[in-house]
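Student: Dropping a structure here in structure tokens format, bear with me for questions.
The values are calculated or read from the model by the stated rules, or taken from the named source; none is laboratory data. What you see is a predicted model; the values in this text were computed from it and never measured. Don't worry about glycine lacking a Cβ; one is built from the backbone with ideal geometry, like all the others, and counts go over all protein chains shown. All accessible areas refer to the heavy atoms of the entire protein, side chains included, with ligands and DNA or RNA removed. Shrake-Rupley method; radii C 1.70, N 1.55, O 1.52, S 1.80 Å.
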Amino acid sequence: MIITLPDGKTMNLKAGTTGLDVATQISPSLAKRVLAYALDGQLFDLYWPIPKDGQFKLLTDKDPETLMMLRHDASHLLAQAIIALYPGTKFGVGPAIDEGFYYDMDLSQPISEEDFPRIETKMLELSKQAFPIVRKEISKQDALTLFKDDPYKTEMIQALTGTISIYTQGAFTDLCLGPHFINTSYNQNFKLLTTAGAYWRGDSKNKQLTRIYGTAFFNKKDLDAYVAMLEERKKRDHRKLGKELGLFMISDYGPGFPFWLNKGMILRKTLENFWIDVHRAAGYQLVQTPTMLSKELWETSGHWFNYRDNMYVSEVDEKEYAIKPMNCPGSMLVYKNEFYSYKDLPIRMGELGNVHRHEASGALSGLFRVRNFTQDDAHIYCTPEQLESEVREIVKLFDFFYKKVFHIDYDVYLSTRPENKYIGTLETWAKSEKALGDALTGMGKTFKINPGDGAFYGPKLDFKLKDSVGRTWQCGTVQLDMNNPERFDLTYINEKNEKVRPVMLHRVVYGSLERFIGILIEHYAGAFPTWLAPVQIKILPVNQSFHLDYSYALKKAAAAIGLRAEVDASNEKLGYRIRNAQVEKVPYSVVIGDKERDGQLVTYRPYGSEEQVTISMESFLQKVQKEVTDITHLRIE
RNA sequence: GCCGACGUAGCUCAAUUGGCAGAGCAACUGAAUCGUAAUCAGUAGGUUGUAGGUUCGAUUCCUAUCGUCGGCACCA
């Protein structure tokens with residue numbers, strides 16, 4: 001394949017061609033940054049810093065790097081359009097991100113999303129002019145002169161050493177490492193999405209810049225598919241569905257304090273009861289600790305000093321109390337209520353613990369971020385030798401819930417010791433991190449590392465669930481705690497009759513019931529599997545007088561085996577009631593007419609289907625019951 | 001908390017330049033008794049989030065406040 005290099009020379013490139021090959025054929029300065037890029041069978045060239053090993057990779061539009069590069073180009077294109085439309089604007093940073101790109105800027109005049117069409121038109125116009133994107137390396141001094149009017153770029157340059165690369169396209173020049181395509185023409189399928197405020201350098205002490213989010217793809221089809229997915233996410237929004245399906249509400253009298261409505265309560269209690277059954281079977285004891293405890297306890301746990309601003313406090317009889325933001329101090333008081341020998345360990349102590357945290361007003365969001373929620377918490381006290389196997393048991397439990405019950409895939413992250421703020425010795429940290437990692441590897445699981453992201457008191461594993469519309473949610477977490485056993489002086493007696501400290505683990509599966517239900521609503525788009533559906537069977541008598549008795553008999557028979565059925569005998573046509581049952585996303589709509597009444601039959605129609613099946617009442621009820629118990633009777637093997 | 005947008009009937013949304021606050025669905029009443037996604041007619045429903053201000057007149061303009069949404073920061 002022949003490519004044209006930026007200096008006008010051509011070069012034949014074959015699969016397997018390396019950067020070194022390129023370097024030997026062209027001028028060394030240029031060779032540092034040449035790469036062939038194949039798109040739809042056509043070859044384009046672009047700049048790319050030579051990797052250390054000298055190996056170049058021939059990229060195609062299927063490679064994620066290429067899409068990121070296109071989006072990075074798109075952010076420059078946005079900046080180029082902005083500088084043309086709003087001269088005097090100063091620029092922060094503008095990277096490509098997972099689903100698109102953004103650019104942070106200090107705009108010379110305020111803009112809103114209403115200005116997007118105008119900006120997009122300008123971007124397209126600039127794109128079509130195919131401005132060459134030219135890389136140049138300049139000295140720090142020259143860079144400071146070049147960007148002297150832009151305080152943000154100046155600040156970034158001051159932190160750099162050595163030569164500095166800049167990219168120019170038309171009237172816009174950016175401080176940038178690259179890489180980029182050779183000209184602006186590749187960006188024809190982009191869309192600006194939203195504006196937002198973002199602190200300069202991500203620090204809330206700094207000024208807030210205007211961030212414009214957008215996305216870009218190689219073709220219109222992909223862009224349209226992405227926009228369609230955004231629509232789908234909006235349709236699945238748990239706040240919208242929660243209202244429509246009558247699951248929960250949030251009142252202005254209590255921002256962040258969800259109210260559970262009858263149907264939401266059925267869903268929630270179903271999840272809780274299942275959780276309790278599975279945990280009891282897995283050797284957990286269950287406790288419930290008080291919502292409010294005295295200030296001294298929170299001083300002992302350290303919350304009073306570290307977390308005070310987020311706690312709800314109260315004074316009673318001149319004594320200060322705090323509402324629990326976490327369950328662990330309560331759990332440890334329960335542990336201390338008894339005297340343990342090594343033979344008693346591990347103690348697995350579960351609690352569906354309702355906690356209150358005063359989250360910042362701007363952080364609240366539906367059920368995803370609330371101020372009052374229930375953690376499906378458990379604390380495990382074990383010997384150091386038991387640590388790894390206990391972690392493995394927990395991961396087994398997570399697998400059971402996520403994969404077997406909810407069919408949701410996940411990624412695991414191991415968060416390691418923070419750089420500066422940590423307690424304990426390096427040796428203990430290394431051992432603990434290894435135990436967590438080994439437990440995963442021992443189960444054939446891969447994980448990514450989040451360096452320095454552990455809590456000050458210990459490393460942790462985070463489980464991020466991937467929902468059906470491509471978003472990820474952190475739910476499960478296993479945290480090793482090297483702090484609290486010390487603070488609360490937890491002990492057990494070991495084989496040598498010595499008083500020693502147990503290892504303590506915190507873990508949650510659902511994370512918070514509230515958030516998990518929010519995730520489930522969106523994951524299932526409100527159409528819950530039968531075992532979770534608040535109403536499982538909607539019974540529709542064709543005639544509201546002749547068929548009522550049999551309809552109620554069916555409801556009674558369903559209730560007798562624990563199924564949730566409702567009769568819709570409202571004075572409406574069947575089609576109307578069928579529609580309502582579908583809108584309510586009830587798993588089974590059952591029509592009862594003469595045929596069914598006379599033959600002790602039911603004609604059912606599963607949710608989302610137009611299929612009609614007529615079977616005996618008995619086999620229908622058995623079928624639905626089996627569907628429910630197939631899940632609710634599941635236990636970890 | 002910060003930046004920006006928004007707040008009208010139970011729900012979804014209209015209301016021209018500042019000039020009588022409206023529709024669909026839901027609810028209620030009546031008729032129709034109907035076999036798989038909306039039967040017809042009627043009735044009722046509002047201190048336009050709240051509190052001030054400007055104005056002859058405010059859903060509309062201004063200020064404050066509460067809340068919601070998109071982000072940011074936060075999530076020990």
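Student: Mind checking the dipole of chain A: about its Cα centre, +1 per Lys or Arg Cβ, -1 per Asp or Glu Cβ, Debye to the nearest 20? Provide the component values of the computation, followed by the final result.
Tutor: Working: 79 positive and 82 negative charges, 102 e Å.
Dipole of chain A, to the nearest 20 debye: 500 debye.
Student: Pick out, from A:TYR410, A:LEU426, A:PHE398, the residue whose Cα sits farthest towards the positive end of the charge dipole of the stretch A:394-434, with +1 on the Cβ of Lys and Arg and -1 on the Cβ of Asp and Glu.
Tutor: A:PHE398
Student: Which entries in A:LYS556/A:LYS585; A:LYS396/A:LYS626; A:LYS207/A:LYS234 show an alpha-carbon gap greater than 23 Å?
Tutor: On the way: A:LYS556/A:LYS585 21 Å; A:LYS396/A:LYS626 25 Å; A:LYS207/A:LYS234 31 Å.
With Cα atoms farther than 23 Å apart: A:LYS396/A:LYS626; A:LYS207/A:LYS234.
Student: Efficiency by 1/(1 + (r/R0)^6): what FRET value for A:MET249 and A:GLU299, r their Cβ-Cβ distance, R0 = 56 Å, to the nearest 0.05?
Tutor: Numbers: r = 37 Å, r/R0 = 0.66.
Calculated transfer efficiency: 0.95.
Student: A further question on this structure: If you add up the charges near A:ASN310, with Lys and Arg at +1 and Asp and Glu at -1, over every other residue whose beta carbon is less than 12 angstrom from its beta carbon, what do you get? Write down the numbers at each step before the final one.
Tutor: Values: positive: A:ARG308, A:LYS324, A:ARG357, A:ARG371; negative: A:ASP309, A:GLU359.
That sum, taken over residues with Cβ under 12 Å, equals +2.
Student: What's the carbon and sulfur percent of the stretch A:257-380's accessible surface, probe 1.4 angstrom, rounded to a whole number? Mind dumping the intermediate values first?
Tutor: On the way: 2740 of 5740 Å².
Carbon and sulfur atoms account for 48 percent of the accessible area of the stretch A:257-380.
Student: Taking the Cα centre of the stretch A:127-214 as origin, work out the dipole magnitude from +1 charges on Lys and Arg Cβ and -1 charges on Asp and Glu Cβ, in debye rounded to 20.
Tutor: Values: 11 positive and 7 negative charges, 44 e Å.
Magnitude of the dipole: close to 220 debye.
Student: Cα axis of helix A:64-85 to longest principal axis of chain A: angle in degrees, 0 to 90, nearest 10?
Tutor: The angle comes out near 70 degrees.
Student: Sticking with this structure for a sec: Taking the Cα-to-Cβ direction at A:ASP203 and at A:ASN310 and moving 7 Å from each Cα, how far apart do the two end points lie in nm?
Tutor: Simple spin-label model gives 2.2 nm for this pair.
Student: For A:ALA360, what is the net charge nearby, where nearby means another residue's Cβ is under 12 Å from its Cβ and Lys, Arg count +1, Asp, Glu -1?
Tutor: On the way: positive: A:ARG357, A:ARG369, A:ARG371; negative: A:ASP309, A:GLU359.
Result for the local shell: +1.
Student: While we're looking at this one, here's another question. Of the listed peptides A:133-144, A:603-614, what is their order by residue-averaged count of other C-beta atoms within 10 Å, with the highest listed first?
Tutor: Most protected by this proxy first, the peptides run A:133-144, A:603-614.
Student: Another question, if that's okay. Relative to the longest principal axis of chain A, what angle (0 to 90°, nearest 10) does the C-alpha long axis of helix A:426-442 take?
Tutor: Rounded to the nearest ten degrees, it is 70.
Student: Using alpha carbons only, how many degrees (0 to 90, rounded to 10) separate the axis of helix A:513-523 from the longest principal axis of chain A?
Tutor: That works out to roughly 70 degrees.
Student: By its C-alpha gyration tensor, with a ≥ b ≥ c as the square roots of the eigenvalues, how is chain A shaped: rounded for a/c under 1.5, else prolate for a/b larger than b/c, else oblate?
Tutor: oblate
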